[in-house]
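Participant: Mind looking over this structure? Questions follow.
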Amino acid sequence: MHPERISPSDQPLSRQAREAILQAPVFGESFSDHMVTMRWANGEWGPLELGPFAPLELSPATLALHYGQSIFEALKAYALLDGSVALFRPGRNAARMAASATRIAMPTLPDGVFERACELLVDADRAWVPTQEGAALYVRPFMFGAEAHLSVRPAQEYLFVVIASPVASYFGAHLRAISVAVESLDVRATPGGTGAAKFAGNYAAGFAAHGRAGAAGHDQVLWLDAAEHRWVEELNAMNVMFVWHRDGRRVLTTPPLGGTILDGVTRDSLLHLAEDAVAGAGDPGPSPGPVDEVCVEATSIDALVAGAQDGTLRESFACGTAAVVAPIGSFQVGDRTVQVGDGTPGPVTVELRQRLLDVQGGRVEDRHGWVRRVDRHLAR
Ligand SMILES: *Cc1c(COP(=O)(O)O)cnc(C)c1O
């Protein structure tokens with residue numbers, strides 16, 4: 001096992017103050033009592049350290065601040081019905097962090113250490129996992145080039161850190177459809193670029209377009225491919241899905257990954273759950289499943305507009321760890337507003353979202369082994 005140093009905080013937030021936060025957590029604003037850190041230097045990883053959440057001390061010459069060598073992950077810990085706490089598919093995030101690290105010329109973590117770091121933090125901060133449906137403890141692992149050096153080359157020191165922030169259901173009690181602006185100027189990802197990595201620079205590069213969309217009253221940006229500006233890719237931090245009616249069949253589609261799209265855990269989980277429902281459609285039972293077919297296929301912006309207009313495109317939604325599933329009510333394409341269906345959350349969107357939340361919260365059978373219970377490791 002990788003060496004560990006555990007020093008729990010002797011000044012955790014009072015129970016009263018914590019509970020005030022947990023009643024109405026604001027995304028990314030409050031943090032739990034602890035954090036996990038691990039430093040890479042001289043070609044090797046030091047011990048995994050659990051300690052109090054605290055500011056980092058950095059040299060102004062920290063390489064990541066100058067050249068952007070910084071990647072992150074996001075996953076959630078959920079309170080289960082039986083009182084335990086579980087991470088959702090942490091192994092997928094671990095593998096993705098390793099792929100991002102390799103793309104940005106960073107070292108990868110020793111086997112199992114990503115999951116262990118998340119578990120140590122969630123175990124120490126169990127009391128920070130909210131219990132309302134749809135609420136969770138959002139876990140944010142990240143890694144950056146921590147060497148104090150201005151040479152334009154990969155850092156020779158890195159810091160891996162995990163922090164956690166309690167979050168409410170993204171939509172509160174009322175699911176609403178978002179408005180999405182299709183970006184016509186900037187591009188998010190290029191073939192051979194960094195779009196498939198959870199790389200900090202990708203997000204900064206999208207902020208200007210996001211600002212323009214926001215100023216025009218939209219919630220999110222939809223990115224098209226860089227080469228033709230024609231193929232639908234994804235949103236700033238969410239993948240996109242469509243529900244079509246084709247010859248009386250309900251077909252769920254999402255664009256293929258192809259190196260410019262982030263391989264979302266939520267995307268993959270929803271594809272599996274939708275496929276399970278198709279496979280189970282012939283079984284006797286009350287629920288025939290939300291869709292008849294699941295298909296990974298490219299969608300052009302013209303097909304999206306035509307489908308919305310002729311009614312074959314019935315629903316669309318975005319998906320990612322933070323929001324889980326965000327129904328899309330309309331797309332702004334140039335000066336045209338294209339409404340999807342009746343502009344409100346559609347039945348397939350609502351059902352798939354509920355199925356995923358039910359698996360994550362331990363309310364239905366976990367057929368794929370996605371729910372990883374966090375054991376009690378720390379003496380208290
Ligand atoms: C994180 C992210 C997603 C969603 O991934 P999940 O694993 O489902 O949270 C999608 N697109 C981008 C660009 C992202 O950064």
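The values are calculated or read from the model by the stated rules, or taken from the named source; none is laboratory data. Here the structure is a predicted model, which means the values were calculated and not measured. Note: ideal-geometry Cβ built from the backbone for every residue, glycine included; neighbour counts use all protein chains shown. Ligands, DNA and RNA are stripped out before the accessible areas are found, and what is left, the full protein with its side chains, is counted by its heavy atoms. Shrake-Rupley method; radii C 1.70, N 1.55, O 1.52, S 1.80 Å.
Participant: How charged is the neighbourhood of Phe207? Take every other residue with its Cβ under 15 Å from the Cβ of Phe207, and add Lys/Arg as +1 and Asp/Glu as -1.
Facilitator: Around Phe207, the surrounding residues sum to -1.
Participant: If I stretch the segment between Leu80 and Asp111 completely, what's the gain in nm (0.36 nm per residue apart, minus their alpha carbon distance), one decimal?
Facilitator: Here the answer is 8.5 nm.
Participant: With the other protein chains left in place, how much accessible area per residue, in square angstrom, belongs to segment 263-380 at a 1.4 angstrom probe?
Facilitator: 45 Å²
Participant: What does the charge dipole of the chain about its Cα centre add up to, to the nearest 20 debye, if the Cβ of each Lys and Arg holds +1 and the Cβ of each Asp and Glu holds -1?
Facilitator: Values: 32 positive and 44 negative charges, 86 e Å.
Dipole about the Cα centre, nearest 20: 420 debye.
Participant: Same structure, new question: If you average the alpha carbon positions of segment 337-380 and of segment 151-195, how far apart do those two centres end up, in angstrom?
Facilitator: Here the two parts' Cα centres lie 20 Å apart.
Participant: Turning to a different aspect of this structure: Using the heavy atoms of the protein chains alone and a 1.4 angstrom probe, what is the accessible area of segment 1-63 per residue in square angstrom?
Facilitator: 65 Å²
Participant: So which GluC sites (Glu not before Pro) in segment 48-83 are both in a DSSP loop and have at most 11 other Cβ atoms within 10 Å of their Cβ?
Facilitator: Loop-located and lightly packed - Glu57.
Participant: Right, next: Work out the length of the dipole vector of segment 109-207 about its Cα centre, built from +1 on the beta-carbon of each Lys and Arg and -1 on the beta-carbon of each Asp and Glu, and round it to the nearest 20 debye.
Facilitator: 240 debye
Participant: What net charge do the residues around Ser300 carry, taking every other residue with its C-beta under 12 Å from that of Ser300, with Lys and Arg at +1 and Asp and Glu at -1?
Facilitator: So the surrounding residues net to -4.
Participant: Give the carbon-plus-sulfur fraction of the accessible surface of segment 1-118 in %, rounded to a whole number; probe 1.4 Å, heavy atoms of protein chains only. All intermediate terms of the calculation are to be shown ahead of the outcome.
Facilitator: On the way: 3230 of 6060 Å².
Carbon-and-sulfur percentage of accessible area, whole number: 53.
Participant: I want the local charge near Leu262. Using Cβ-Cβ distances under 13 Å, sum +1 for each Lys or Arg and -1 for each Asp or Glu among the other residues. The partial results should precede the final answer.
Facilitator: Numbers: positive: Arg92, Arg96, Arg103, Arg188, Lys198, Arg267; negative: Glu73, Glu233, Glu234, Asp263, Asp268.
Neighbour charge sum, excluding Leu262 itself: +1.
Participant: Next question. Under a 1.4 angstrom probe, counting protein chains only, how are Arg230, Arg116 ranked by accessible area, largest first?
Facilitator: I get Arg230, Arg116, largest accessible area first.
Participant: Can you show me the helix-derived [θ] at 222 nm for the chain, built from DSSP H runs with n ≥ 4 at -39,500 (n - 2.57) apiece and divided by the number of residues, rounded to the nearest 500.
Facilitator: My calculation for the chain gives -7500 deg cm²/dmol from helical runs alone.
Participant: For labels at His272 and Glu297 in the simple 7 Å Cα→Cβ model, what's the distance in nm?
Facilitator: Using points 7 Å along Cα→Cβ, the separation is 2.5 nm.
Participant: Need one number: nm distance between label points at Ala279 and Asp310, each 7 Å from Cα along Cα→Cβ, rounded to one decimal.
Facilitator: Calculated label separation equals 3.3 nm.
Participant: Can you bin segment 103-182 into rounded, prolate or oblate? Criterion: square roots of the alpha carbon gyration tensor eigenvalues sorted a ≥ b ≥ c, rounded for a/c under 1.5, prolate for a/b above b/c, oblate for the rest.
Facilitator: Taking the square roots of the gyration eigenvalues as a ≥ b ≥ c, segment 103-182 is oblate.
Participant: Going from most exposed to least, what order do His174, His66, His2, His34 have by accessible area with a 1.4 Å probe?
Facilitator: So, going from the largest accessible area down, we get His174, His66, His2, His34.
Participant: Please list the equivalent ellipsoid semi-axes of the chain, computed as the square roots of five times the alpha-carbon gyration tensor eigenvalues, in descending order and whole angstrom.
Facilitator: 35, 26, 19
Participant: Given charges of +1 on the Cβ of Lys and Arg and -1 on the Cβ of Asp and Glu, with all other atoms neutral, how large is the dipole of segment 17-100 about its Cα centre, in debye to the nearest 20?
Facilitator: 320 debye
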